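Every number here is computed from the coordinates shown, using simple stated rules; none is lab data. Note that this is a predicted model, so its numbers are computed, not measured. Virtual Cβ from ideal backbone geometry, glycine too; neighbours counted across all protein chains shown.
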Amino acid sequence: MQKYDVIAIGMGPGAIFMAYELLNLKSNKKVLLIEQGKRVEERTCPIEKIGKCVKCKPFCNITSGFSGAGAFSDGKLSLYNKEDEDFYVGGNLHKYIGVEETKKLIDYTDSIYLKFGADTKLEGIEYKEEVSKIKNKAKKEGLTLIDIPIRHLGTEKAHELYKKLEDYLEDAGVNLMFNTTVTDLVIEEGTAKGVKVRKSGTNDEEEIIYADNVIVAVGRKGANWLVNMCEKHDIKTEAGIVDIGVRYELSDKVMEKINKYMYEGKFIGRPSPFKDKVRTFCQNPSGFVSSEVYDNNLSLVNGHSYKDRKSTNTNLAILVSHHFNYPFSKPIEYGRNIAQNLNELGNGNIVVQRLGDIYRGKRTWEEELEKNPIKPTLKSAVAGDITFALGYRTMTDILAFIRDMDKIVEGFANPENLLYAPEIKFYSNQVVIDRNFETNIKGLYSIGDGGGMTRGLMMASASGVEMARILDKKKNN
Ligand SMILES: Cc1cc2nc3c(=O)[nH]c(=O)nc-3n(C[C@H](O)[C@H](O)[C@H](O)COP(=O)(O)OP(=O)(O)OC[C@H]3O[C@@H](n4cnc5c(N)ncnc54)[C@H](O)[C@@H]3O)c2cc1C
């Protein structure tokens, strides 16, 4: 019988930083991380070479494998301002451990990233006066600009950094099990006893691996699986949200000041008439739009940028947060239906449309895209009409937000700008956890993006560090 002190499901930043900190604390625990995807050095996305998404089997290399969604991320580590009394991006870790503790944790987690090779340069701290002017301008338009320092790894450097972490953990004796899917949790009398696993992409017989502590760190990729687990095992959840929107691509020239002063401008608005929260997210100066595949072959759009390879376009997400409670409370299902419709409209691909065509009430045609001043950086995207599927409320929110942004950044609403869809951020229904990240099932914990606690690299990593400290203290009690 295989038995561990700690099993983490998933090998994203959450699980990696938990394992790192357990080593650092010399906690002497037998740790196993289980990942459905591949080692980081084996992860490649064919789209780079052949220009289209081939829907890799059994799992998309962008979202699965060592370092999870972090491997192909743009690697923007969101830090904080010392004077801030709250956290406005990255998730809700501070709601569990407090703002001051989260700041300390982020400092520490950042120091680990630096130790493994992150760029020492911080973006967004040099041009305080200019940023303040943009902030005031935004305020007049009813938008909030969150300016926090950012450490930018860049996609290719993120790969190198995570490879070093992979080697470090393995050399130090952490057990890494790849190409293995956790199919179920083993729970007896309200206590987690272990997990059931199977070789990824096969119908092989399931095997049980036992552990005293099971950490769910499945990221957005595992959000749907986690919903099923919660239903099956009566794990308590609260209604969550789904973020639905587009990836917006425009000229670097239009975004010149924002890119220079902040690298990433995080704008938040609540446009009329719905007053939904609409925000920009994951801005990539001189970047590339990318696609990723989720469960049931759903293609979603995303974006990233390299340290060295550059385009002449900036891309960013414009996301609308949707809450549901009664009588429908299935945000993941709502998002999946929208994604499915959009995928069908694009014949399995991401759909792209010019902003001007949306205003004119027409689809975009391939020939028009070829002549468009903004050339799409996602070559596999299919020209079409996203308004058929995005929903009136989401579309209205996005267009109003773009109009508001244009008053702050001239050219933000240029008709040649491109909207790719679907960009959707799935979170599980929020898993109910206590201060120790423990669910109502004894010995079952939830960290990172999957259970809805975090929404970005830094907070997901920091939640892993804190998890390790909690487990270490448990040993000492
Ligand atoms: C293209 C892209 C760009 C991004 N850019 C940024 C950025 O610049 N800045 C930022 O802060 N964030 C960015 N993000 C988001 C960031 O990557 C995530 O917030 C972060 O990786 C979450 O970490 P995590 O550990 O919670 O989960 P993940 O990194 O998602 O890892 C979860 C892992 O669990 C595995 N898994 C799931 N279910 C199972 C199962 N049943 N059995 C076994 N394994 C399982 C998955 O395969 C995955 O590898 C980006 C994401 C993408 C995709």
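Across the cross-link table entries Lys30/Lys157; Lys26/Lys193; Lys104/Lys163; Lys55/Lys275; Lys52/Lys275; Lys196/Lys330, which are compared at the Cα atoms, the separations over 32 Å belong to Lys55/Lys275; Lys52/Lys275. The stretch 390-468 and the stretch 329-387 have Cα centres separated by 21 Å. To the nearest Å, what is the center-to-center distance of the stretch 164-220 and the stretch 5-61, using C-alpha atoms only? Their Cα centres are 11 Å away from one another. Ordering Gly240, Gly90, Thr183 by the projection of their Cα atoms onto the charge dipole of the chain, which places +1 on the Cβ of Lys and Arg and -1 on the Cβ of Asp and Glu, puts Gly90 at the extreme positive end.
Scalar couplings 3J(HN,Hα) for the stretch 248-259, obtained by applying the Karplus form with A = 6.51, B = -1.76, C = 1.60 to θ = phi - 60°, are 10, 10, 8, 6, 3, 4, 4, 9, 3, 5, 4, 4 Hz; x denotes Gly and Pro. Close amide H pairs (under 5 Å, H built 1.01 Å from N) link Gly303 with Ser290, residues at least 5 positions away or on another chain. Can you return the lysines within cross-link range of Lys128? Criterion is Cα-Cα under 23 Å, with same-chain partners fewer than 8 residues away left out. Partners within reach: Lys76, Lys82, Lys103, Lys137, Lys139, Lys140, Lys253, Lys257, Lys260, Lys266, Lys407. Given 20 °C and 1.002 mPa s, compute D for the stretch 133-285 with the Stokes-Einstein relation, Rh being the Kirkwood radius over Cα pairs; round to the nearest whole µm²/s. Value of D from the Cα-based Kirkwood radius: 106 µm²/s.
Taking every DSSP bridge with both residues inside the chain, close to 75 percent are antiparallel.
In the stretch 258-384, taking the dipole from charged Cβ atoms about the Cα centre, the farthest positive-side position among Tyr294, Ala317, Ile332 is held by Ala317.
Taking a 29 Å limit on the Cα-Cα distance, which of the listed pairs Lys379/Lys425; Lys135/Lys425; Lys57/Lys473; Lys164/Lys375 fall beyond it?
Lys57/Lys473; Lys164/Lys375
Which net charge results for the neighbourhood of Ile235, defined as the other residues with beta-carbon distances under 15 angstrom from its beta-carbon, given Lys and Arg at +1 and Asp and Glu at -1? Net local charge, Ile235 excluded: -4.
Convex hull of alpha carbon positions in the stretch 344-395: directionally averaged projected area 3.7 nm². For the chain, the equivalent ellipsoid derived from the alpha-carbon gyration tensor has semi-axes of 36, 24, 21 Å in decreasing order.
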